[in-house]
Amino acid sequence: MRLAFLSSSSGWGGLERNLLRYATWMKDAGHDVEISAVPGSPLAEAVVESDLPLRLIQRQRRYAPIRAGRRLKHHLIAHRFEALWIRDPRDLPLAALATRNTHCDLIFQQGMQIPHRKRAPWHQNRYAAVDHWISPLECLRREALANTPLVSDQTKVISLALENHWFTKVKNQEQARKVFNVPANAKLVGLFGRIDKLKGHADLLRALAETKAADWHALIIGENTRNTVNGDELQALKKLTTELGIQDRIHWHPPTEELSLAYDCCDAYAMCSASETFGMVTIEAMARRVPVIGTNSGGTPELLGYGSRGKLYSSGDFKELARSLADPAPWPMPTLEQLEQFSRMKAVQQWQDLLVHSRRSAL
C-alpha cells in the first residue's frame, strides 16, 4: 500500500518519534511510504537522516485549514495514496478535509488521553472522517468512545511497540553499571526521560529520603523540557536532594542512546508521572526484565496489568512509593507471552491485518 504519514508538529516527543518509527516499520514491511513534516522541525531533520521520502508542508492553521486541506487532498489523489496516517490531534481537521470523498483511508494512531468531551458539530465531522482510530490501550479506546463521536467499529487497540533488540540483547548488570559509573552493589531504581514537574521526580527523591528506602540509590537520566517557562527543574531537584540529605545516593546522567544499558543497571524502575498516557519507558523496563512500580493513573495501570505485572502507587504519595520499594515480597512481573504484545513483530502483524481490511480501499 501507499501510505502517507503527516505531522505539522515542531516538537520531538513521543508523537513525532513514534510516527517516524512506524513509517520505517511500514516501509520495511513492503509499503510505499512518505512523511510530510514542517521545514526545520526535528521530525523533518530526522527524516532527512533516514532513507524515507520527505515532503515539506507549512504548519497549517488548526481550525478550518481549507486551503491546506485542498492542497493535501490533491497530493493524496495525484500520488494515489491509500491511507493518511496521523498522530497529533492538531492535524485531525486537516486530515479530515483532505481525505473526505477520496479512496484514501484516514488512520489516527492515538498518543494522548481525551479527558474532556468533544461533541460539538465540528467534532462530529472530524471524527466521522476517521476510518481507523487506533488506541494503544483498551482504557484509552474506551475513553475515546466516551468523549468523542467515534463509534466502536472505527476503533481498535494496537499497542505501541519496541524494536526486537529490547527483548533479545543479553543483560549484564555489572558491565552496565561500569558504563554509567554507579555503585556495583547498591540497590538501584531508575527514572528516565525529560525532567518536568509532572514527571514526578520529586516523588522518587522524597521516597528515597524515607527510612524504609534508605538503602536505595537512584539513576536519573534526562534533561529539562525544552523551551519550558517553568524554570530549571533539574537544578531544583538537585537542590532538593541536598535538602533531603540524599545527594550521595542520586546519580544524574544526561540523555543517552544507551538506554537499554541504563535499564540493565537497575533493580527497579519507577514511573512517577502524574498521568502518563502510555509510558514507553514502562515497556522498555519490562522488556529488559526490570521490575516496575508506576502511578495508579493514566495508562500505567493497564500496562502493569492492574498490579499483576508490576506495582502501583498513588501519584504524589512518596511514602507509599518508599514502602513498595522496601517490600520484600516477590515483585509482580510480566510473562514472556505478555511482553510479546509490545514487540515490533507483533505490532507490524496487527497493522498489516488492519491495512488489508481497510474500508475505503475495498470500495
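What follows is calculated from the coordinates using simple rules that are stated; it is not laboratory data. This is a predicted model, so every value here is computed, not measured. Cβ: placed from backbone, ideal geometry, glycine included. Neighbour counts: every protein chain shown.
So the values come out like this:
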{"quantity": "Difference of contour (0.36 nm per residue) and Cα-Cα distance, ASP32 to ALA120", "calculated": "28.1 nm"}
{"quantity": "Degrees between helix 233-244 axis and first principal axis of the chain (Cα, 0 to 90, nearest 10)", "calculated": "20 degrees"}
{"quantity": "Additional length obtainable on full extension of the chain from HIS103 to ALA214, 0.36 nm per residue less Cα span", "calculated": "33.9 nm"}
{"quantity": "Translational diffusion coefficient (Stokes-Einstein; Kirkwood radius from C-alpha pairs) of region 165-342 at 37 °C, 0.692 mPa s, in µm²/s", "calculated": "203 µm²/s"}
{"quantity": "J(HN,Hα) series, region 37-48, from Karplus relation 6.51 cos²θ - 1.76 cosθ + 1.60, nearest Hz, glycine and proline x", "calculated": "8, 7, x, x, 6, x, 5, 4, 5, 5, 5, 4"}
{"quantity": "Built amide H within the under 5 Å cut-off of THR277, gap 5+", "calculated": "GLY299"}
{"quantity": "Under the Karplus curve 6.51 cos²θ - 1.76 cosθ + 1.60, θ = phi - 60°, whole-Hz ³J(HN,Hα) for region 340-346, x wherever Gly or Pro sits", "calculated": "4, 4, 9, 8, 4, 4, 5"}
{"quantity": "Net length gained if the chain between GLU340 and ALA78 were fully extended (0.36 nm per residue, minus Cα distance)", "calculated": "90.4 nm"}
{"quantity": "For the chain, built as a Gaussian network whose Cα springs stay under 10 Å, the top-fluctuating residue of LEU56, LEU321, LEU94", "calculated": "LEU56"}
{"quantity": "Filtered trypsin sites (Lys or Arg not before Pro), region 1-105: DSSP coil and at most 14 other beta carbons within 10 Å", "calculated": "ARG61, ARG62, ARG80, ARG100"}
{"quantity": "Cleavage-rule hits (GluC sites (Glu not before Pro)) in region 247-279: DSSP loop, at most 15 neighbouring Cβ within 10 angstrom", "calculated": "GLU257, GLU258"}
{"quantity": "Sequence ranges 191-198, 164-171, ranked by mean other-Cβ count within 10 angstrom, highest first", "calculated": "191-198, 164-171"}
{"quantity": "Computed magnitude of the charge dipole of region 208-294 (debye, nearest 20; Cβ of K, R +1, Cβ of D, E -1)", "calculated": "100 debye"}
{"quantity": "Interchain or long-range residues, amide H under 5 Å from TYR269's placed H", "calculated": "GLY190, VAL292, ILE293"}
{"quantity": "Within region 209-223, backbone nitrogen closer than 18 Å to the virtual label 7 Å beyond the Cα of ALA326 toward Cβ", "calculated": "209-218"}
